[in-house]
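Visitor: Input: one structure, supplied below.
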Amino acid sequence: MIEVKDLHKSFGEAHILKGITTSFEKGKTNLIIGQSGSGKTVFLKCLLGLFDYEKGAIEYDGKIFSKLSDDEKRNLRAKIGMVFQGSALFDSMTIAENVMFPLRMFTKHSKSEMQDRVDFALQRVNLEGAHNKMPSEASGGMQKRVAIARAIVNNPKYLFCDEPNSGLDPKTAIVIDNLIQEITDEYQITTVINSHDMNSVMEIGEKIVFLKDGLKAWEGSNKTIFKTDNEVVTDFVYSSNLFKKVREMYLKDYK
Amino acid sequence: MTYLHNIGSYFLMIAEMFRKPTKWTVMKQLILKDIDDLIIGSLGIVAFIAFFVGGVVTIQTALNITNPLIPKYLVGFATRQSIVLEFAPTFISIIMAGKVGSFITSSIGTMRVTEQIDALEVMGINSLNYLVFPKFISLMLYPFVISIAMFLGIIGGMAACVYGGFSSLEDYIIGIQTEFIPFHIVYAFIKTFVFAFILATIPSFHGYYMKGGALEVGKASTTSFVWTSVVIILLNYFLTQMLLST
Ligand SMILES: Nc1ncnc2c1ncn2[C@@H]1O[C@H](COP(=O)(O)OP(=O)(O)OP(=O)(O)O)[C@@H](O)[C@H]1O
Ligand SMILES: [Mg+2]
């Protein structure tokens, strides 16, 4: 479980996060949604300690992150898997080496055990046979999936995904969503996902935090998001014509 | 103010580089890769430049000794002194600041802008140790490059001397053996080690702490080259003053 208390973050004059309080639960897929530029990535990077923040506290299972020593921080981070918005694959390594990297750094498995884990992770993201490609030879969607395989290969306790399925076709996107939910449940991971994809919201939004203008505008789940009257949320949810239509039909049926 | 701030971060970076070492099995491979990129990869250009500049130094010296009272072997002597004392350690280091330095800055800078460094940090890896330490270790082989430059510079001088007919092979060989002071070699290699440290750390600093995108990677490489050369030239001055003048 990760708890966030009154988080403030600015870049110079620009106040990006204006006091966010929320929590992310263990064994659940927690979604952060909001428009482009609403501060999702900045929020996630604050959670990970990649950005300093002016005010607020972040607790990982009761431990205040900013109060940990450098070594304690690193030990905690060894249990974190992260999928960056731009994949952030190591471009001097092949795809298999990228996925194997956390194992090589943090485990004492034998070469063949590691190989098996890598095969397994790549298979879960539907990338069998891409082992020896370089990241520059892979498509954007493939890079995303490699990044996911790299994040999950060492059974993390906390998993962060910054738009894991942007740039993927709808079918693969659902596969990825389901995969993330499966492993979250299976290994009781605390998973935090940035997204603005309504499909993900419906599929895996076990907990949803809605950001707008640096504030938490709404909090709920995929069970409640379609029922809320909160205008900020409905404005976002029904911005696509498809969802507008679905809603009209739904309302008609119930009249 | 920002200068002071940067100098401070530079020294903090060096301290951090030695903390929380990366697993040795991984580090070993990183060091081997950097030896290949930074040392082996530079031998060709260094050999080429050393040979021909050695030749030019000899020709210039020979052409400027017009007084018949000055013995011919002085051409060899002067060539050896300029190559061992300045040309090989300092001049080659400036060239390396361009070649190796911009390579280091742009490769680390690219990792910064594509969030690869963040990815390392998020995994709990000391990214400074992971990225900079292997470069520092492989550049400890830099004196080897400079020895080759010294040797080929003197050979280049000899070739120019003999083929240009400026003096005989015997005179040149007598010249390069005249008044040999072993401490000059020590001085040259002390400089080389200091410059190796500069070549590994200043370009890394500029790559690691850069902000922005691909355009800024290019700018960072240029700035890095300027600062690496400036620091090399300044340290060269102070070290020469300290070690050679009595
Ligand atoms: N390193 C930075 N320096 C200055 N401003 C930044 C920095 N990173 C982000 N910002 C600003 O913070 C705001 C929020 O950006 P952020 O990347 O968090 O958006 P986002 O919600 O992730 O959007 P998207 O869905 O497009 O990824 C933007 O206005 C952006 O300009
Ligand atoms: Mg983002």
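Visitor: Out of all the residues in the range A:212-237, which are in contact with a strand residue (DSSP E or B) (Cβ under 6 Å, 6 or more places away or on another chain) and within 16 Å of ligand 2 (Cβ to nearest atom)?
Guide: The one that is in contact with a strand residue (DSSP E or B) (Cβ under 6 Å, 6 or more places away or on another chain) and within 16 Å of ligand 2 (Cβ to nearest atom): A:G214.
Visitor: Can you say whether A:M93 is assigned to a loop (DSSP other than H, G, I, E, B) and hydrophobic (A, V, I, L, M, F, W, C), as far as the supplied structure shows?
Guide: On the way: assigned to a loop (DSSP other than H, G, I, E, B): yes; hydrophobic (A, V, I, L, M, F, W, C): yes.
Yes, satisfied.
Visitor: Starting from the range B:9-27, keep only residues that are facing chain A (nearest Cβ under 8 Å), then list their pairs with residues that are outside any helix (DSSP H, G or I) and among the β-branched types (V, I, T) whose Cβ atoms are within a distance under 8 Å, requiring at least 6 positions of separation or different chains.
Guide: Every condition considered, the pairs that remain are B:T22/B:I125.
Visitor: Do we have any residue at all in the range B:80-103 that's within 14 Å of chain A (Cβ to nearest Cβ) and free of Cβ contacts under 8 Å to residues at least 40 places away in the same chain? Let's see the steps before the verdict.
Guide: In the first step, residues of the range B:80-103 are kept if they are within 14 Å of chain A (Cβ to nearest Cβ); the result is B:103.
Add one more test, that the residue is free of Cβ contacts under 8 Å to residues at least 40 places away in the same chain, and what stays is none.
There is no residue in the range B:80-103 that is within 14 Å of chain A (Cβ to nearest Cβ) and free of Cβ contacts under 8 Å to residues at least 40 places away in the same chain.
Visitor: Specify which of the listed residues (A:I183, A:I193) is within 16 Å of ligand 2 (Cβ to nearest atom), out of contact with any Gly (no Cβ under 6 Å at 6 or more places or on another chain) and away from chain B (no Cβ under 14 Å). If you could, list the steps in order and put the result at the bottom.
Guide: On the way: A:I183 fails: within 16 Å of ligand 2 (Cβ to nearest atom).
The match here is A:I193.
Visitor: Any idea which of B:Y208, B:Y172 is surrounded by 16 or more Cβ atoms within 10 Å (Cβ to Cβ), under 30 Å from A:F160 (Cβ atoms) and away from chain A (no Cβ under 14 Å)?
Guide: Numbers: B:Y172 fails: under 30 Å from A:F160 (Cβ atoms).
Going through B:Y208, B:Y172 in turn, the sole match is B:Y208.
Visitor: Among the residues of the range B:36-48, is any within 14 Å of chain A (Cβ to nearest Cβ), part of a loop (DSSP other than H, G, I, E, B) and either β-branched (V, I, T) or free of Cβ contacts under 8 Å to residues at least 40 places away in the same chain (or both)?
Guide: Checked the range B:36-48: no residue is within 14 Å of chain A (Cβ to nearest Cβ), part of a loop (DSSP other than H, G, I, E, B) and either β-branched (V, I, T) or free of Cβ contacts under 8 Å to residues at least 40 places away in the same chain (or both).
Visitor: Next question. Mind checking which residues of the range A:37-54 are within 14 Å of chain B (Cβ to nearest Cβ) and either more than 11 Å from ligand 2 (Cβ to nearest atom) or of a type outside the set (A, V, I, L, M, F, W, C) (or both)?
Guide: Filtering the range A:37-54 down to residues within 14 Å of chain B (Cβ to nearest Cβ) leaves A:41-42, A:44-52.
A:T41, A:K45, A:C46, A:L47, A:L48, A:G49, A:L50, A:F51, A:D52 - these are the residues of the range A:37-54 that are within 14 Å of chain B (Cβ to nearest Cβ) and either more than 11 Å from ligand 2 (Cβ to nearest atom) or of a type outside the set (A, V, I, L, M, F, W, C) (or both).
Visitor: Look through A:K28, A:K5 and report the one residue that is away from ligand 2 (no atom under 14 Å from the Cβ), more than 30 Å from A:Y238 (Cβ to Cβ), in contact (Cβ under 8 Å) with a residue 40 or more places away in the chain and not aromatic (F, W, Y). Before you say what the answer is, go through the steps one by one.
Guide: Numbers: A:K28 fails: more than 30 Å from A:Y238 (Cβ to Cβ).
Matching residue, one of A:K28, A:K5: A:K5.
Visitor: Determine whether the range A:42-50 contains at least one residue that is within 12 Å of ligand 1 (Cβ to nearest atom), charged (D, E, K, R), in contact with a strand residue (DSSP E or B) (Cβ under 9 Å, 6 or more places away or on another chain) and under 18 Å from A:F160 (Cα atoms).
Guide: Yes, because at least one residue in the range A:42-50 is within 12 Å of ligand 1 (Cβ to nearest atom), charged (D, E, K, R), in contact with a strand residue (DSSP E or B) (Cβ under 9 Å, 6 or more places away or on another chain) and under 18 Å from A:F160 (Cα atoms).
Visitor: Identify the single condition in (1) aliphatic (A, V, I, L, M); (2) away from ligand 2 (no atom under 16 Å from the Cβ); (3) at pLDDT 90 or above that A:A78 does not satisfy, given that it satisfies every other one.
Guide: Going through (1) aliphatic (A, V, I, L, M); (2) away from ligand 2 (no atom under 16 Å from the Cβ); (3) at pLDDT 90 or above one by one, A:A78 breaks only (3).
Visitor: Only residues that are within 24 Å of A:S36 (Cα to Cα), of a type in the set (A, V, I, L, M, F, W, C) and more than 16 Å from ligand 1 (Cβ to nearest atom): list them for the range A:152-206, please.
Guide: Matches in the range A:152-206: A:L159, A:I174, A:V175, A:I176, A:I180, A:M202, A:I204.
Visitor: Follow-up question, since we're still on this one. Answer yes or no as to whether B:I125 is surrounded by 24 or more Cβ atoms within 10 Å (Cβ to Cβ) and under 15 Å from the mean Cα position of the chain (by Cα). So that I can check it myself, show each step before the final result.
Guide: Numbers: surrounded by 24 or more Cβ atoms within 10 Å (Cβ to Cβ): yes; under 15 Å from the mean Cα position of the chain (by Cα): no.
Taking the combined requirement at face value, the residue does not satisfy it.
Visitor: Now, a different point. Just checking: which of the strands (runs of 3 or more DSSP E) contained wholly in the range A:177-227 hold 1 or more residues that are within 15 Å of the chain's Cα centre (by Cα) and more than 21 Å from A:R77 (Cα to Cα)?
Guide: Values: elements: A:190-195, A:207-212, A:215-220.
So the answer is A:190-195, A:207-212.
Visitor: Being outside any helix (DSSP H, G or I) and out of contact with any helix residue (DSSP H, G or I) (no Cβ under 7 Å at 6 or more places or on another chain), is that true of even one residue in the range B:184-191?
Guide: Quick first cut of the range B:184-191, residues outside any helix (DSSP H, G or I) only: none.
No, every residue in the range B:184-191 fails to be outside any helix (DSSP H, G or I) and out of contact with any helix residue (DSSP H, G or I) (no Cβ under 7 Å at 6 or more places or on another chain).
Visitor: Also: Kindly establish whether A:G34 is in contact (Cβ under 8 Å) with a residue 60 or more places away in the chain, within 16 Å of ligand 1 (Cβ to nearest atom) and either within 14 Å of chain B (Cβ to nearest Cβ) or on the phi > 0 side of the Ramachandran plot (or both).
Guide: On the way: in contact (Cβ under 8 Å) with a residue 60 or more places away in the chain: yes; within 16 Å of ligand 1 (Cβ to nearest atom): yes; either within 14 Å of chain B (Cβ to nearest Cβ) or on the phi > 0 side of the Ramachandran plot (or both): yes.
In short, yes.
Every residue, every condition in (1) part of a helix (DSSP H, G or I); (2) at pLDDT 95 or above, yes or no:
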| residue | (1), (2) |
| --- | --- |
| B:S167 | no, no |
| B:I176 | yes, no |
| B:A196 | yes, yes |
| B:S204 | yes, yes |
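Visitor: Would you point out the residue of the range A:55-112, among those that are of a type in the set (F, W, Y) and more than 11 Å from every other protein chain (Cβ to nearest Cβ), that is surrounded by the fewest Cβ atoms within 10 Å (Cβ to Cβ)? Steps first, please.
Guide: Residues of the range A:55-112 of a type in the set (F, W, Y): A:60, A:65, A:84, A:90, A:101, A:106.
Of the ones still in play, those that are also more than 11 Å from every other protein chain (Cβ to nearest Cβ) are A:60, A:65.
Working: A:Y60: 20, A:F65: 18.
Within the range A:55-112, the match that is surrounded by the fewest Cβ atoms within 10 Å (Cβ to Cβ) is A:F65.
Visitor: Can you name the residue in the range A:150-172 that is of a type in the set (D, E) and either in contact with a Pro (Cβ under 6 Å, 6 or more places away or on another chain) or within 16 Å of ligand 2 (Cβ to nearest atom) (or both) and is also modelled with the lowest pLDDT among such residues? Please lay out each step first, then the result.
Guide: Of the range A:150-172, the ones of a type in the set (D, E) are A:162-163, A:169.
Next, only the ones that are either in contact with a Pro (Cβ under 6 Å, 6 or more places away or on another chain) or within 16 Å of ligand 2 (Cβ to nearest atom) (or both) stay: A:162-163.
Details: A:D162: 93, A:E163: 90.
So the residue we want is A:E163.
Visitor: Determine the pairs where a residue that is under 29 Å from A:S239 (Cα atoms), located within the range A:171-200, has a partner that is within 16 Å of ligand 2 (Cβ to nearest atom) and small (G, A, S) with Cβ atoms under 6 Å apart, the partner being 6 or more residues away or on another chain.
Guide: So the pair list comes out as A:D177/A:S200.
The values are calculated or read from the model by the stated rules, or taken from the named source; none is laboratory data. Keep in mind that this is a model prediction, so the values were computed, not measured. Every residue, glycine as well, gets a Cβ built from its backbone with ideal geometry; the counts of neighbours run over all protein chains shown.
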